[in-house]
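Engineer: I'd like to ask some things about the structure below.
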Amino acid sequence: MFWNMFASRLKCLFRDKTVIFWTALFPIVLAAMMYFAFGGFMEGGEMEPIPVAAVETVVSERNEVFLSVFREASQEAGDPLFDLRIVEQEEALRLLQEREVDAIVEVGQTVTLKVLENGLEQSIVKSFLDQYLQTQHMLETLMQKTASLPGAFGEMNFVSQSFTKEVSLGGATPNLTLSYFYALMAMACLYGSFWGLRNMMDIQANLTPLGARRSIAPAPKWKVILSDAAASLVIQTIELLALLAFLILALQVDFGQQIGLVILTCVVGSMMGISFGSLIGAASRQSEGVKIGMLIGISMTCTFLAGLMFVNMKDIIARYVPVLSYVNPAALLADAFYSLYMFGAGSRYWMNIVVLLGITALFSFISYCIVRRQRYVSL
Amino acid sequence: MSVFNTSMKILRSKLPILLIYVVVIVMVSILMMAAMGSQENVSDTFEQKGCAITVINRDLGGKLSEGLEEFLFRTNQKVSIDDDKEKLQDALYYENTAYILLIPEGFSEAFLAGEEVFLSKTTLPDSIESYYVDMQIDQYLNAVRLYMQAGIKNTEEILEFVSADLDSSANAEIIVSENPNSDDSQLHIFYFNYLSYSMLALMILGISTILISFHQKDLYRRNLCAPIKLIRMNGELILGISVFAGACYFILIGCGLALHWEKLWDFKLLSLLCLNFLVFSIVCVGIGFLTGVFVRSYNVQSAVANVVTLSMSFLCGVFVPQSIMSASVLKFSQFLPAYWYVKANHLIGSLSDISLEQLKAILGCLGIELLFAAALFAAALAISKKKRFMDCL
């Protein structure tokens, strides 16, 4: 009996093209669009040399030395710091105004930096100039000091040395762009609510003719509900796995090493989405259109707070209104994917999953309480 | 005017859904204003721009590490985060800090004793910030090392010298720009870019709703028998669509004026932006018309509306600035009208004085948009004629 109902329900849901579009195709299209838009910085930005124009207003030996140091920094093998052009004053100003260079360095009696705006690139040029002057100042001080210590100057090593070493804090490489895709997965899970809503519409006699027909069928309500829920869970999970495969294989979005747990998160997310849709379907007495509007509105608000439109949103909420990130299912899902990627299966991941399961149980329980033992007045 | 009145009635029934798109753009605009409003204004003196860095100093009481820390915070912003791995990773991931420097225990002592010791850093891969901070740290420590090699033993004396050295700095000045920056920090340009999303959604939903209703097979046949000329029927439909498009145009611009009236008060700027938006609105009407001709059911309609508007907005630089999109995607986007609309907006935003050359570039974009509109209308008319003919059989 159960399997019979389950199989027919599965067929029935698979034929609902509109819901299939919103739950399966739409997230895939959106993911592709986001990928194209963010493609530029998915790979992590390589540092481009900073374009600088240098002008030698006074020719002197001292300035020649300075320019040769500057040139060296622009010709370093591998990754040069600057893209240096030595030009005349007017040409330099033209290049700056047309934003072909970020800064002009005027080498005259003193070294002067000319820029159009304050920015990190300009600050790096400034830092480089400062360093040169500081080293010059230092050498002068050293000359005075070592005059009393003969021989000391010769033993000094003037080659600049690097004193920092990159260490990983453990876990994966931070890449903020990933968060968009994690939030998108959360959205796809929440869209599972369309199935939940459809299930509830098809089971209540006062909402659809199909509901009326099924209400008089000689099958216990819990069995009907359960078979409906199981069928929609199967479809929703398949759709999410297709989206996941698309993200991982086609778009190369990194979900970390533990694919098994990523899939578990998808299943939990599907359950949560369906139970959310059921709750709206059972609790609200509005028309189907209004209910769909409510689903989309709530899903969009939740995913917005989880960072789908503005990626830092999830972090801002977590820092300033932490309560909200524990009750927002989209944020919990996005954080589950994030923590799996970043930290692996730790306490943070499991807490997200447990809270999600709790929310699912609560939603399902409330909707069951509403639809069980419903009686309709005979007309 | 029965056809016109009916089309208005149909639109009224869709009003709540249509209003969503007006609310969305106003909300997004307000949020962006709140998020970007706190950013500093353009200054006319040079300020060394630092980055947000976090220093975890485990070398408590070390003179050298204190000096280094003090030096780094002269130009960089301090972001205090607990010495907790997960919190540090979170901060780096969400780019609240760009550089985490860990000074190990006993660093000062070991360094001053001449041992080879290193500081640990964690940064975003290949970031310009990491290069910048590295440069500062190396400068400081290399200076200290040189003084040590010169035979100066007294730590305090060395730090004093270094501090004096590091005070020397190059002159820097800011030149007044002839072309104001056209970046996306200009909220009014952002607003107008975003308008394309709302307008497109409104036009597709509104126009196709009217056309779907009027072109239901039976209803269409029945209307053909009505004692009203086909040309009048179509004329009233066009009038209805035009009134709807005009209303949306003025409502959206009105919201923009209310939100950004300080910036948009400039007549030249406003008129160019409005002109560009008007041309793009015509393109939107064309897209809406084409959708209405193709689509027969309301379910398909909302799917088409969402896919078209979101794809266009993502690919053409409405949601993500064109400046950070990859060149190959932008090449493709040139085949979409919104690309030219956004491009024209940026050109207008960076316009300082109307020169013929700049105006030509802007008008070029507008011309391309008009061509798109013409192509869309031509396609829609051809298809609709064929379809209507089939329906009459």
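Every read-out reported here was derived from the displayed coordinates using simple, explicitly stated rules and does not represent laboratory data. What you are looking at is a predicted structure, and each value in this text was computed from that prediction instead of being measured. Don't worry about glycine lacking a Cβ; one is built from the backbone with ideal geometry, like all the others, and counts go over all protein chains shown.
Engineer: Counting only residues 5 or more places away or on other chains, whose amide H sits under 5 Å from the amide H of residue B:99 once H atoms are built in the peptide plane?
Structural biologist: Placed amide hydrogens put B:54 under 5 Å from residue B:99.
Engineer: Taking chain A as a Gaussian network, Cα atoms linked when under 10 Å apart, which of A:199, A:312, A:118 shows the biggest mean-square fluctuation?
Structural biologist: Of the options given, A:118 has the highest mean-square fluctuation.
Engineer: If you don't mind, another one. What percent does the relative contact order of the stretch B:320-393 come to when contacts are Cα pairs within less than 8 Å and at least six residues apart?
Structural biologist: Values: 23 pairs, mean separation 20.2, N = 74.
Over the stretch B:320-393, the number comes to 27 percent.
Engineer: Something else about it: Grab the other residues whose beta carbon is less than 9 angstrom from that of residue B:107, score K and R as +1, D and E as -1, and report the net. Kindly include the intermediate steps, with their values, before the conclusion.
Structural biologist: Working: positive: B:58; negative: B:59, B:105, B:109.
With Lys, Arg at +1 and Asp, Glu at -1, the neighbours total -2.
Engineer: Rounded to the nearest 5, what % of DSSP beta bridges with both residues in the protein assembly as shown are antiparallel? Could the numbers behind the result be given before it?
Structural biologist: Numbers: 9 of 33 bridges.
Among the beta bridges of the protein assembly as shown, antiparallel pairing accounts for roughly 25 percent.
Engineer: Across the residues of B:306-314, average count of Cβ atoms on other protein chains within 10 Å? Each step should come with its number before you reach the end.
Structural biologist: Details: counts 5, 6, 0, 0, 5, 6, 1, 2, 9.
If you average over the peptide's residues, the count of other-chain Cβ atoms is 4.
Engineer: Given a cut-off of under 8 Å on Cα pairs at least six residues apart, what relative contact order in percent is computed for the stretch A:50-147? Don't skip to the end; give the middle numbers.
Structural biologist: Details: 110 pairs, mean separation 30.6, N = 98.
About 31 percent, as a whole number.
Engineer: Where Rh denotes the Kirkwood radius from the mean inverse Cα pair distance, what is Rg over Rh for the stretch B:52-165? Intermediate results must be reported in sequence, preceding the final value.
Structural biologist: Values: Rg = 14.4 Å, Rh = 14.7 Å.
The Rg/Rh ratio comes out at 0.98.
Engineer: Counting only residues 5 or more places away or on other chains, whose amide H sits under 5 Å from the amide H of residue A:111 once H atoms are built in the peptide plane?
Structural biologist: So residue A:111 has HN proximity to B:171.
Engineer: Amide H neighbours of residue A:82 under 5 Å, at least 5 residues apart or on other chains, H built in the peptide plane: list them.
Structural biologist: A:50, A:74
Engineer: Round to the nearest 10 and give me the degree value, 0 to 90, for the angle of helix A:120-146's Cα axis relative to the longest principal axis of chain A.
Structural biologist: Roughly 40 degrees between the two axes.
Engineer: Just how far, in whole angstrom, is the stretch A:111-127 from the stretch B:281-324 if you go by their alpha carbon centroids?
Structural biologist: Each part reduced to its Cα centre gives a spacing of 43 Å.
Engineer: Now a separate question. Using only the alpha carbon atoms of the protein assembly as shown, find the Kirkwood hydrodynamic radius as the inverse mean reciprocal pair distance, in angstroms to one decimal.
Structural biologist: Details: mean 1/r = 0.0329 Å⁻¹.
The answer is 30.4 Å.
Engineer: So what are the ³J(HN,Hα) numbers for the stretch A:343-360, from phi and the Karplus equation (6.51, -1.76, 1.60; θ = phi - 60°), rounded to whole Hz, Gly and Pro as x?
Structural biologist: Residue by residue, the stretch A:343-360 yields 10, x, 7, x, 5, 5, 4, 5, 5, 4, 5, 5, 4, 4, 5, x, 4, 4 Hz.
Engineer: Going by Cα centres, the stretch B:102-128 and the stretch A:219-278 are how many Å apart?
Structural biologist: The stretch B:102-128 and the stretch A:219-278 have Cα centres spaced 47 Å from each other.
Engineer: Moving on. Which percent, nearest 5, of DSSP beta bridges in chain A are antiparallel? Could the numbers behind the result be given before it?
Structural biologist: Numbers: 5 of 15 bridges.
Once the DSSP bridges in chain A are tallied, antiparallel ones form about 35 percent.
Engineer: Through the Karplus equation 6.51 cos²θ - 1.76 cosθ + 1.60, θ set to phi - 60°, convert the phi angles of the stretch B:72-88 into ³J(HN,Hα) values in whole Hz; use x for Gly and Pro.
Structural biologist: 5, 7, 4, 10, 9, 8, 8, 10, 8, 9, 4, 6, 10, 3, 5, 5, 5
Engineer: Based on the alpha-carbon gyration tensor of the stretch B:202-361, what equivalent-ellipsoid semi-axes (square roots of 5 times the eigenvalues) come out, in whole Å, largest first? Intermediate results must be reported in sequence, preceding the final value.
Structural biologist: Details: eigenvalues 242, 80, 35 Å².
Semi-axes (√(5λ), whole Å): 35, 20, 13.
Engineer: Determine the alpha carbon to alpha carbon distance for each of B:217/B:385; A:165/B:153; A:17/B:217; B:268/B:331; A:11/A:223; A:114/B:263 and list only those over 20 Å.
Structural biologist: Check vs 20 Å cut-off fails for A:165/B:153; A:17/B:217; B:268/B:331; A:114/B:263.
Engineer: I've got another one for you. Mind sorting B:155, A:301 by how few other Cβ atoms lie within 10 Å of their own Cβ, fewest first? Intermediate values should be presented prior to the final figure.
Structural biologist: Working: B:155 18, A:301 12.
Lowest to highest Cβ neighbour count: A:301, B:155.
Engineer: Here's a follow-up. Averaged over B:99-105, how many beta carbons belonging to a partner chain fall within 10 Å of each residue's beta carbon?
Structural biologist: So the per-residue partner count for this stretch is 1.
Engineer: When averaged across all projection directions, what area in nm² does the alpha-carbon convex hull of chain B cover? List each step's numbers first, then the result.
Structural biologist: Values: hull surface 104.3 nm².
Average of the hull's projected areas for chain B equals 26.1 nm².
Engineer: Where does helix B:187-214 land angle-wise versus the long Cα axis of chain B, in degrees 0 to 90, nearest 10?
Structural biologist: Between the helix axis and the principal axis of chain B, the angle is about 30 degrees.
Engineer: Still on this model: Is the C-alpha gyration tensor of the stretch A:213-327 telling us rounded, prolate or oblate? Criteria: a/c under 1.5 is rounded; beyond that, a/b larger than b/c is prolate, otherwise oblate.
Structural biologist: Working: a/c = 2.37, a/b = 1.40, b/c = 1.69.
Judged from the Cα gyration tensor, the stretch A:213-327 comes out oblate (a/c at least 1.5, b/c at or above a/b).
Engineer: Contact order normalised by length for chain B, with contacts defined as Cα pairs under 8 Å and 6 or more residues apart; what percent is it?
Structural biologist: On the way: 390 pairs, mean separation 74.3, N = 393.
Once divided by the residue count of chain B, the mean separation gives 19 percent.
Engineer: In which sequence would A:193, A:215, A:275 go, from the one with the fewest C-beta neighbours within 10 Å to the one with the most? Write out the running numbers ahead of the final one.
Structural biologist: Numbers: A:193 31, A:215 17, A:275 25.
In increasing order of surrounding Cβ atoms, one gets A:215, A:275, A:193.
Engineer: List, largest first, the extents of the alpha carbons of chain A along their principal axes, each in whole Å.
Structural biologist: In descending order, the Cα extents are 109, 46, 35 Å.
Engineer: Output wanted: per-residue J couplings in Hz (rounded whole) for the stretch A:311-325, from phi through Karplus 6.51 cos²θ - 1.76 cosθ + 1.60, θ = phi - 60°, x for Gly and Pro.
Structural biologist: Computed from phi, the couplings for the stretch A:311-325 are 5, 7, 4, 4, 5, 4, 4, 4, 8, 9, 10, x, 4, 4, 6 Hz.
Engineer: Related question: For peptide A:109-121, how many partner chain Cβ atoms fall within 10 Å of a residue's Cβ, on average? Numbers along the way, then the final one.
Structural biologist: Values: counts 0, 2, 4, 4, 7, 6, 6, 9, 10, 11, 1, 10, 3.
Mean shielding count: 6.
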